[in-house]
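These notes are about the structure you will find just below.
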Amino acid sequence: MMPIVPGGRARGVGGCASMWRSAAGLSVAASIIAIAWATTAPPDAHAFQIETSTTSGCHEQITLDALERVGWPDGREPPALDEIGVRIADDLAFDLPAGSRDPWTIALLIGVRHNDVGGADPFDLPALSVIHADPDGQPEHCIRKAEHDGQAGDQQALDACRDFVLAQLEEALGGGGEVDMDAVIEIETHLLFRGQVDVDLARYPFQLGRALHAMQDSFTHTFRDHGSQEVLHVLNWVEGNLEGNSDLERDGHPHLTALDECGSGAGNQRRREWAVDASADMLEALASSQGGSRGRLERARAVLDAHFQRRANCTAANDWCDIAEASPSAGCAATGGSPVGGPGWPFAALGLAALARASAQRARRGRRLAALVVASALLTPATAGAQPADDPPAEQSPEEAEQEAQEEEAETSEDAGQQSLDREERVIDTLPDPVGETWGAAFNVAAAFDRGAGAVSLGARWNPWRDLGFGLDAEYNPWISVSGFEVAEGAASAYVPIIWRIKRFGTWELRATGYAGATMILFDLVGVDRGTVGVFAGLNPLGLALPIGTHTKLVVKPGDVVVSAPQLRGIPFYYHQYRFTVGLEWYP
């Protein structure tokens, strides 16, 4: 059984036109954006990777490999999924291998991911920053806390990690003689389309997963002897990477992103194999019922003793007993150890190059202008004022001068008027033909970011007034998960667009559009049934419509904000979208 406690919660440009009027302005803006992104983008999250649309499922696969070797306690087999369990399995943010769609394995893998993401979306960077930067949460990743200083800090970090693992195992076992696989624990977790929801998971596998995660991290967050696996040194994330002002002798070596690659290179493949072996040893220690919970915990301590052995006197002075991973080529700067070592630095470099190029171009233009002025001055004869003058013109009477001035003014005025008319005719010629706007049809396509989605709609248009129109649209709206790269059936909606034409520029229009109607979800989610009908609402504060013929308008709406809320009773559920919409309106 996998019951749930529904608690679903769904979470969620201006400009300066003059900046973009020159290539130099564009280069400056690109540089500023690139540098800002580079310096604010967080460094890679530490530890063996968990599965997302952009990372491999390292922790998950290590855990499944160990489980395949040992199995569940006392040789038991997991039960089949109930209806709610099926919905959870279909909406997980990671793939379940064939033969692993059961409530115990699902709880185990949610647990092994929980140390890294908690109940957050794996792409929710602010939430993940809070989790990984928590000074008190470092033992969950078997890495140093800020107070773990000097050589003693290595042992303190291992002891803190050990205490965390044993605490999770005690909660998993529950104190009884037998492992109670029916006991459940309420956990907030992230599902691809349901969002954050509280689910009841089997307690033993969930807490076991958290313990295994920490122990697995001890192989990527430490320098270990390549032969004996002895721990030579424990790395530092909070001071070494986030603060960037660590002292090697006091705080230890910063965390190395290169060590987190699962199976990439001989060294990482070796660490992965060690993590599988240690996880299997832990599962085997817990599998036997001999001695009850006390016996299981004693065997678990022995496993930790075996895999947490430490060699003393490995320090920065001797490169932590000359471990290869501590060499400068594997140092922090090359692996994300800088406090601003986010993935945007290559783009920042390109931005700086563009900025320098723009500055150089402006300097060259200035030098060319100065050279032109100097050349003109040098080529102008110094005695120009002394050159013989032509014969002076014949003197004019005042009446003749006034008449000539009036004729010149009339000619100038006539020429200016003609030029103005010519310009207006050219502008009019470039404008598209006006479109009649009484009854018509509309077709739109849209793409959403944040909570990903696509949309396609077809509808009618009615414009009883010059500045106000209405419509009736039917829409299909599949949903797309960026974190899991999955596509779901999404929702179907019918709604009324209300169109207000704010301003006209010739035949072009600035318009705002509101949407109100109904929506129906097309697939089952945890706590939400297929076919449930609710409210559809949205707003586009500013769009542009322009004729592309005598019967057709192109409509561009870059700022659609849409909420599809198929369930309003009980625990409400909604799926908000920020869309870019392009459409056509046709009037016969």
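The values are calculated or read from the model by the stated rules, or taken from the named source; none is laboratory data. Model, not experiment: these values are computed from the prediction. In this analysis, Cβ positions are derived from the backbone assuming ideal geometry, glycine residues included, and neighbour counts consider all displayed protein chains.
Do the conditions hold for Ser129, that is, is it among the hydroxyl-bearing types (Ser, Thr, Tyr), assigned to a helix (DSSP H, G or I) and surrounded by fewer than 22 Cβ atoms within 10 Å (Cβ to Cβ)? Yes; evaluated as a whole, the condition is true for this residue.
Results for (1) surrounded by 16 or more Cβ atoms within 10 Å (Cβ to Cβ); (2) assigned to a loop (DSSP other than H, G, I, E, B); (3) outside the structural domain of Glu188 (by TED's automatic domain parsing), shown as yes or no for each residue.
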position: Thr52; (1), (2), (3): yes, yes, no
position: His59; (1), (2), (3): yes, no, no
position: Ala66; (1), (2), (3): yes, no, no
position: Pro79; (1), (2), (3): no, yes, no
position: Ile84; (1), (2), (3): yes, no, no
position: Arg87; (1), (2), (3): yes, no, no
position: Phe94; (1), (2), (3): yes, yes, no
position: Leu108; (1), (2), (3): yes, no, no
position: Gly111; (1), (2), (3): yes, no, no
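The number of residues in the stretch 554-571 being within 22 Å of Asp524 (Cβ to Cβ) and exposed (fewer than 15 other Cβ atoms within 10 Å of the Cβ) comes to 3. What single numbered condition from (1) part of a helix (DSSP H, G or I); (2) farther than 30 Å from Gly452 by Cα fails to hold for Phe206? Here Phe206 meets the rest and fails (2).
For (1) modelled with pLDDT of 95 or more; (2) among the charged types (D, E, K, R), each residue gets a yes or a no:
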site: Leu259; (1), (2): no, no
site: Gln269; (1), (2): no, no
site: Asp305; (1), (2): yes, yes
site: Asp319; (1), (2): no, yes
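In the set Ala38, Ala98, Ala45, only one residue is at pLDDT below 90, assigned to a loop (DSSP other than H, G, I, E, B) and within 24 Å of the chain's Cα centre (by Cα); that residue is Ala45. When Glu411 is tested against (1) at pLDDT 95 or above; (2) assigned to a helix (DSSP H, G or I); (3) among the charged types (D, E, K, R), only condition (1) is not met. Against the list (1) modelled with pLDDT under 95; (2) among the small types (Gly, Ala, Ser); (3) under 19 Å from Ala565 (Cβ atoms); (4) out of contact with any Phe, Trp or Tyr (no Cβ under 7 Å at 6 or more places or on another chain), the condition Ala494 fails is (1). If you go through the stretch 189-202 one residue at a time, do you hit one that is more than 32 Å from the chain's Cα centre (by Cα), among the basic types (Lys, Arg) and more than 14 Å from Gly111 (Cα to Cα)? Taking every residue of the stretch 189-202 in turn, none turns out to be more than 32 Å from the chain's Cα centre (by Cα), among the basic types (Lys, Arg) and more than 14 Å from Gly111 (Cα to Cα). Leu350 falls short on exactly one of the conditions (1) among the hydrophobic types (A, V, I, L, M, F, W, C); (2) modelled with pLDDT of 80 or more; (3) outside the structural domain of His233 (by TED's automatic domain parsing), and that condition is (2).
Scanning the stretch 284-313 for residues that are part of a loop (DSSP other than H, G, I, E, B) and closer than 18 Å to Trp274 by Cβ returns Phe308, Gln309, Arg311. So in the stretch 132-190, with the set limited to residues that are among the polar types (S, T, N, Q) and assigned to a helix (DSSP H, G or I), which one is surrounded by the most Cβ atoms within 10 Å (Cβ to Cβ)? So, considering only residues that are among the polar types (S, T, N, Q) and assigned to a helix (DSSP H, G or I), the one surrounded by the most Cβ atoms within 10 Å (Cβ to Cβ) is Gln138. Of all residue pairs spaced 6 or more apart or on separate chains, those with beta-carbon atoms under 6 Å, a first member in the stretch 473-489 that is aromatic (Phe, Trp, Tyr) and a second member that is part of a strand (DSSP E or B) are Tyr476/Val456; Tyr476/Ala492; Trp479/Ala453; Trp479/Ala488; Trp479/Gly490. Picking from residues in the stretch 512-566 that are of a type in the set (Phe, Trp, Tyr) and closer than 25 Å to Ala441 by Cβ, the one that is farthest from the chain's Cα centre (by Cα) is Tyr515.
Regarding the stretch 262-269, can at least one residue be identified that is under 21 Å from Gly153 (Cβ atoms) and not in a helix (DSSP H, G or I)? Taking every residue of the stretch 262-269 in turn, none turns out to be under 21 Å from Gly153 (Cβ atoms) and not in a helix (DSSP H, G or I). For the stretch 572-581, the set of residues classified as hydrophobic (A, V, I, L, M, F, W, C) and buried (at least 16 other Cβ atoms within 10 Å of the Cβ) consists of Phe573 only. Just the residues that are surrounded by fewer than 21 Cβ atoms within 10 Å (Cβ to Cβ), touching a Phe, Trp or Tyr at 6+ places or on another chain (Cβ under 9 Å) and not in a loop (DSSP other than H, G, I, E, B), please, taken from the stretch 521-537. Residues satisfying the conditions are Val535, Ala537.
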